[in-house]
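The values are calculated or read from the model by the stated rules, or taken from the named source; none is laboratory data. Note that the structure is a prediction, hence the values are computed from the model and not measured. In this analysis, Cβ positions are derived from the backbone assuming ideal geometry, glycine residues included, and neighbour counts consider all displayed protein chains. Accessible surface is based on the protein model in full, side chains and every heavy atom, while ligands, DNA and RNA are left aside. Shrake-Rupley method; radii C 1.70, N 1.55, O 1.52, S 1.80 Å.
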Amino acid sequence: MASPNSTFTELVSTTFRNHKKEIADNVSNRNALLKRIMQKGNYEREDGGLTIVTPLDYAENSTYQRYSDWDTLNIGASDVISAAEYQWRQIALNVVSSGRELRINSGENRIIKLAKGKMKNAIRTFNNNFSEDIYSDGTASNQINGLQALVADAGTGTVGGINSSTFTFWQNTIFDLSTESVTISASTIENSAMLPLWLDLDRGPDDCPDLIVADNTYYQYFEASQVSIKRYVDADMANGGMVSLKYKNADVMYDGNSGIPAAHMYFLNTQYIGLTVHKDADLEVMEEQRPINQDGVVVPVVWMGNMWCSNRSQQGVIVA
């Protein structure tokens, strides 16, 4: 009979490898932004590189011209900056069990229950922490760029190696309630806050916010403002356990349990937001490790990637 150590490791490794998509779905189903990124096909896998390089999409091609016959055509390069560079960030999660635990649970049924319990805890831990990272400001050590970094409250900051104070095209759009003298409530949120920000971001039906995520308070204000008719959509989101309202072309979703900061409502054009992960570290199970001076087994699970944005100006946020 295989040793408890080897049986435990095999169960953990097999579970992760066979259910990786299910694990990824569980993470996205609890986070509206991540779910939309995956629906857009912007969860990308790469095989290497010193950084994650994202081509920018912030301006029209300046070589467009009307001409006749032998007029000289404009072939000049117009972009000062053509790409943003995001650093690789790494996450490790270790499924561990002491030798005592393994020997106590050495029976077939017991070892299966032990492995399943450890796996559930590990997956839940990854779900909760990664969901918070997605909405973070990215300032914690080795943390991915969260939404608070990509769509900053001040609209500025250095993102993807580009200083938006120097290159103003790289600033995101903000609607500051205090500056605009708006007291937010159910009666003011739509016409006095959401509409002005939407008009700043709307470039037509194919280039406008498609996802609005809000904290508890702002979502409650918006839902209360829809007393005449509530439009709940869409089937894919609902099947994932999420219910959204509609504002113009965008889904409005409550994401208050995913780490979104209080008193915030983000207007996101998600064709410009994505998550890149290294193909060899997309929740990959590593070889088991055994400490040289401890009795137990460690099964590392690693992730490596970062969240990116290719057009900050088309992202907006309502802040207090």
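Amide H contacts of V213: M253, Y266, L268, each under 5 Å away and 5 or more positions distant or on a separate chain (H built 1.01 Å from N in the peptide plane; Pro and chain starts excluded). For region 51-149, applying the loop criterion from DSSP together with a ceiling of 16 other beta carbons within 10 Å to the trypsin sites (Lys or Arg not before Pro) yields R66. Of all aspartates and glutamates in the structure, the ones whose alpha carbon falls short of 18 Å from that of K35, not counting any fewer than 8 places away in one chain, are E22, D25, E44, E132, D133, D210, D215, D234, D236, D251, D255, D282. Length gained on full extension, R45 to T173: 43.2 nm, using 0.36 nm per residue less the C-alpha separation.
Close amide H pairs (under 5 Å, H built 1.01 Å from N) link Y247 with V252, residues at least 5 positions away or on another chain. Surface composition of the chain: carbon and sulfur atoms hold 47% of the protein heavy-atom accessible area at a 1.4 Å probe.
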